[in-house]
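The values are calculated or read from the model by the stated rules, or taken from the named source; none is laboratory data. Predicted model, so just to flag it, every value in this text is computed and none were measured. Neighbour counts are summed over all protein chains in view; Cβ atoms, including those assigned to glycine, are modelled from backbone coordinates with ideal geometry. These accessible areas exclude ligands, DNA and RNA; they are computed on the full protein's heavy atoms, side chains included. Shrake-Rupley method; radii C 1.70, N 1.55, O 1.52, S 1.80 Å.
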Amino acid sequence: MSYPEKFQGIAVQDHNDWTHPKKISYEPKKFDDYDVDVEIEACGICGSDTHCASGNWGPKSLPLVVGHEVIGRVVRVGPKCHTGVKVGDRVGVGAQVSSCLDCDRCNSDFEPYCAEFITTYSQPYPDGYVSQGGYASHIRAHEHFVIPIPEKIPTHLAAPLLCGGITVFSPLINNDCGPNKKVGIVGIGGIGHMGLIFAKALGAEVYAISRSSAKKEDAMKLGADHFIATKEEPDWEKKYASTLDLVIVCASSLTEINLEQLIKTMRIKGRIISICVPKETEELNLKPFQLSGITIGNSQLGSRKELIQLLQLVADKDLKIWVETLPISEESVHDAFVRMEKGDVRYRFTLTDFDKEFRN
Ligand SMILES: [Zn+2]
Ligand SMILES: [Zn+2]
């Protein structure tokens, strides 16, 4: 049996053997009046996928199909849908598939912070159905979380925008990134490389901040105006004292950052915003005295409105993120997971060729 009764996906079977996912077929969630079915053409690979698959974020209901940077074509539209989505449209689904759409947060375009947030995979809906992600033939999601993709953006470059891209874009636009602002991006592999591109496109003066100078050439190509190698430049915090208006921390964990040094590079009222997704158990220790005149915060994902804004910016300015494509299969998901663990990716993976794996 296949669609619409069953979806197929490449699923993690066991957290202890998470790098060997297997192809399965599974039941989709019940089709609701506001749901849209998408036949998937590509899916980006996000750090969250490996965290969830490996059990870093606690045990999940298995088997689990991860993937939340989904691009595909609409094949079915619920009878009450009113966003204008139509069969045949190319759309994206990011890391969120549901929220209440009625609270203060949802009503002010901050639905990633809704108390009833449901993430694209591994989380039960109210009826108990556990959401399944995009390394799959299809995905079913509420229309609000199904985003139109501008024609100009190629599918493999659109996918990573749906989670990684929006996660770094949202704190930029919510913290006044723009002309006459000096913006630092800490951690420039992975999501950070998109941060450099977007901060530059928004008009800021951009500082790439990395441990070594290994990625300097790439960072300058991506749009950085300055490069700081923190392990190679002793006293870097003195050289750049009171310089930055905004820093987005894209490292794997905020606890690996020397905040004492970083804070010294901030201008008064500067903001350090983390988009790190560390292990569940990590805790941040801070000396409150250090925070003199600056703010530290966290940002997660971005709203439908912000996604549409990001996609328009990428289309209008013809921005090109750096993506390596892999045709989806059990083997290539395995290879990608192993390479992600080693940090061996420049700077994002997109799984492609879903037709060959799921529809021949
Ligand atoms: Zn809400
Ligand atoms: Zn993600």
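Restricting to segment 28-53, name every residue that is modelled with pLDDT of 95 or more, under 19 Å from residue 351 (Cα atoms) and open to solvent by 20 Å² or more (accessible area, probe 1.4 Å).
39, 41, listed by residue number.
Which of the residues belonging to segment 323-358 are farther than 17 Å from residue 69 by Cβ and hydroxyl-bearing (Ser, Thr, Tyr)?
329
Give, as residue ranges, the strands (runs of 3 or more DSSP E) completely inside segment 1-92 that count at least 3 residues that are within 16 Å of ligand 2 (Cβ to nearest atom), under 26 Å from residue 251 (Cβ atoms) and assigned by TED's automatic domain parsing to the domain that holds residue 126.
By residue number, 35-45.
Looking only at segment 103-116, decide whether some residue is among the aliphatic types (A, V, I, L, M), surrounded by 15 or more Cβ atoms within 10 Å (Cβ to Cβ) and out of contact with any Asp or Glu (no Cβ under 7 Å at 6 or more places or on another chain).
no
Each row is one residue, and each column tells you yes or no for (1) closer than 18 Å to residue 175 by Cβ; (2) of a type outside the set (Phe, Trp, Tyr); (3) surrounded by fewer than 19 Cβ atoms within 10 Å (Cβ to Cβ).
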residue	(1), (2), (3)
238	no, yes, yes
253	no, yes, yes
258	no, yes, yes
269	yes, yes, yes
272	yes, yes, no
279	no, yes, yes
298	yes, yes, yes
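Within segment 204-215, count every residue that is open to solvent by 60 Å² or more (accessible area, probe 1.4 Å) and either assigned to a loop (DSSP other than H, G, I, E, B) or touching a Cys at 6+ places or on another chain (Cβ under 6 Å) (or both).
Residues in segment 204-215 being open to solvent by 60 Å² or more (accessible area, probe 1.4 Å) and either assigned to a loop (DSSP other than H, G, I, E, B) or touching a Cys at 6+ places or on another chain (Cβ under 6 Å) (or both): 3 in total.
Which residues, counting only those in segment 228-250, are over 22 Å from residue 178 (Cα atoms) and either in contact (Cβ under 8 Å) with a residue 24 or more places away in the chain or basic (Lys, Arg) (or both)?
Answer for segment 228-250, where residues must be over 22 Å from residue 178 (Cα atoms) and either in contact (Cβ under 8 Å) with a residue 24 or more places away in the chain or basic (Lys, Arg) (or both): 230, 231, 236, 237, 238, 239.
In segment 143-189, what residues are of a type in the set (Ser, Thr, Tyr) and within 14 Å of ligand 2 (Cβ to nearest atom)?
167, 170
Exactly one condition in (1) of a type in the set (A, V, I, L, M, F, W, C); (2) assigned to a loop (DSSP other than H, G, I, E, B); (3) without any contact (Cβ under 8 Å) to a residue 40 or more places away in the chain is false for residue 301; which is it?
With (1) of a type in the set (A, V, I, L, M, F, W, C); (2) assigned to a loop (DSSP other than H, G, I, E, B); (3) without any contact (Cβ under 8 Å) to a residue 40 or more places away in the chain applied to residue 301, the lone miss is (3).
Would you tally the residues in segment 96-132 being touching a residue at least 60 places away in the same chain (Cβ under 8 Å), within 25 Å of residue 9 (Cβ to Cβ) and within 16 Å of ligand 1 (Cβ to nearest atom)?
3
Given the structure, is residue 315 open to solvent by less than 70 Å² (accessible area, probe 1.4 Å), out of contact with any Gly (no Cβ under 6 Å at 6 or more places or on another chain) and free of Cβ contacts under 8 Å to residues at least 40 places away in the same chain?
Against the criterion (open to solvent by less than 70 Å² (accessible area, probe 1.4 Å), out of contact with any Gly (no Cβ under 6 Å at 6 or more places or on another chain) and free of Cβ contacts under 8 Å to residues at least 40 places away in the same chain), residue 315 does not qualify.
So residue 289 fits all but one of (1) of a type in the set (A, V, I, L, M, F, W, C); (2) at pLDDT below 95; (3) open to solvent by less than 80 Å² (accessible area, probe 1.4 Å); what number is the exception?
(3)
Name every residue in segment 216-233 that is surrounded by fewer than 23 Cβ atoms within 10 Å (Cβ to Cβ) and farther than 19 Å from residue 270 by Cβ, in order of residue number.
Once the filter is applied, which keeps residues that are surrounded by fewer than 23 Cβ atoms within 10 Å (Cβ to Cβ) and farther than 19 Å from residue 270 by Cβ, segment 216-233 yields 216, 217, 218, 220, 221, 223, 227, 229, 231, 232, 233.
Checking the condition open to solvent by 20 Å² or more (accessible area, probe 1.4 Å), touching a residue at least 60 places away in the same chain (Cβ under 8 Å) and either farther than 26 Å from residue 91 by Cβ or in a helix (DSSP H, G or I) (or both), which residue from 331, 341 passes?
Being open to solvent by 20 Å² or more (accessible area, probe 1.4 Å), touching a residue at least 60 places away in the same chain (Cβ under 8 Å) and either farther than 26 Å from residue 91 by Cβ or in a helix (DSSP H, G or I) (or both) holds for just one of 331, 341, which is 341.
Quick one: would you say residue 158 is open to solvent by less than 10 Å² (accessible area, probe 1.4 Å), assigned by TED's automatic domain parsing to the domain that holds residue 337 and under 16 Å from the mean Cα position of the chain (by Cα)?
Criteria met by residue 158.
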